[in-house]
1. Is there a quick way to get the dipole size of the range 1-46? I mean about its Cα centre, with the Cβ of Lys and Arg at +1 and of Asp and Glu at -1; what is the value in debye to the nearest 20?
2. If I fit a long axis through the Cα atoms of helix 169-178 and take the longest principal axis of the Cα atoms of the chain, what angle between them do I get, 0 to 90°, rounded to 10?
3. Order the peptides 23-29, 132-138 from the highest to the lowest mean number of other Cβ atoms within 10 Å of their residues.
4. Using a 1.4 angstrom probe, figure out how much accessible area the chain has per residue, in square angstrom, rounded to the nearest whole.
5. Quick one: pull the percent of accessible area on the chain belonging to carbon and sulfur, 1.4 Å probe, ligands and nucleic acids left out.
6. Report the gain in length on full extension from residue 152 to residue 78: 0.36 nm times residue separation, minus Cα-Cα distance, nm rounded to one decimal.
7. For volume of the Cα convex hull per residue in Å³, several values are listed as (i) 152; (ii) 136; (iii) 208; flag the one computed from this structure.
8. Treating the beta-carbon of each Lys and Arg as +1 and of each Asp and Glu as -1, no other charges, what is the dipole magnitude of the chain about its Cα centre, to the nearest 20 debye?
Amino acid sequence: RRLDRELAATRLHDDVLWALHDLHAEAEDRAGARRALERIVAEHPYPQGHRWDDAILRLAEMDVEDGRPRDAIARLEAMLERSEDTTVVGSYTLPAFIEAQLTIARLHRDAGDRDAAARAYRAVYDDFPRSTLRDDALTELGEMQLGAGEREAGCETLLEVALEFEVGRARRRAAERLGV
């Protein structure tokens with residue numbers, strides 16, 4: 001707590017709050033852990049806060065653990081609103097953005113909202129062209145479609161994975177489901 005006060009105006013403060021989160025979590029003080037994470041999000045926002053995205057992902061996990069997947073989706077969608085493109089070489093895309101989008105797809109899928117899940121899976125593929133999770137997203141989409149009895153759509157999606165991606169676990173899974 002002393003470090004929290006003394007380092008509040010420094011670049012180390014979000015690290016202090018993360019350590020405070022860890023201490024609360026270890027003491028099984030879920031409310032205290034959540035408060036520390038909420039402070040990281042509020043006091044050290046993107047792009048300056050280097051634990052901002054981790055805090056949001058953890059808060060979303062806690063929302064799901066608490067039986068509030070809709071809160072998790074809303075939290076992750078708000079985080080994704082910060083994603084931006086650049087015209088210079090490089091990217092403002094944090095790895096957490098891709099993880100957040102894929103988590104949103106899975107939460108919608110698990111809640112039975114296949115349309116929202118399909119849009120979210122496609123967003124991983126469309127919005128993050130350099131992500132290594134693009135093939136995973138399409139494979140999960142194809143598997144979801146097949147599981148829902150949408151044979152034609154599922155096969156088309158899995159074929160897209162098999163044709164576009166040369167290697168990878170998701171590509172192998174897609175090819176196996178297609179029998180090729």
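1. Working: 8 positive and 10 negative charges, 34 e Å.
Charge dipole of the range 1-46: 160 debye, to the nearest 20.
2. 30
3. 132-138, 23-29
4. Details: 10630 Å² over 180 residues.
Result: 59 Å² of accessible area for each residue.
5. On the way: 5250 of 10630 Å².
About 49 percent, which is the carbon plus sulfur part of the accessible surface.
6. Working: separation 74, 0.36 × 74 = 26.64 nm, distance 3.36 nm.
Answer, rounded to one decimal: 23.3 nm.
7. Derived directly from the coordinates: (ii).
8. Taking the Cα centre of the chain as origin, the dipole is about 200 debye.
The values are calculated or read from the model by the stated rules, or taken from the named source; none is laboratory data. Quantities reported herein were computed from a predicted structural model and do not represent experimental measurements. Positions of Cβ are generated from backbone atoms using ideal geometry, with glycine treated the same way; all protein chains shown enter the neighbour counts. Quick note on the areas: whole protein, heavy atoms, side chains included, nothing else; ligands and nucleic acids left out. Shrake-Rupley method; radii C 1.70, N 1.55, O 1.52, S 1.80 Å.
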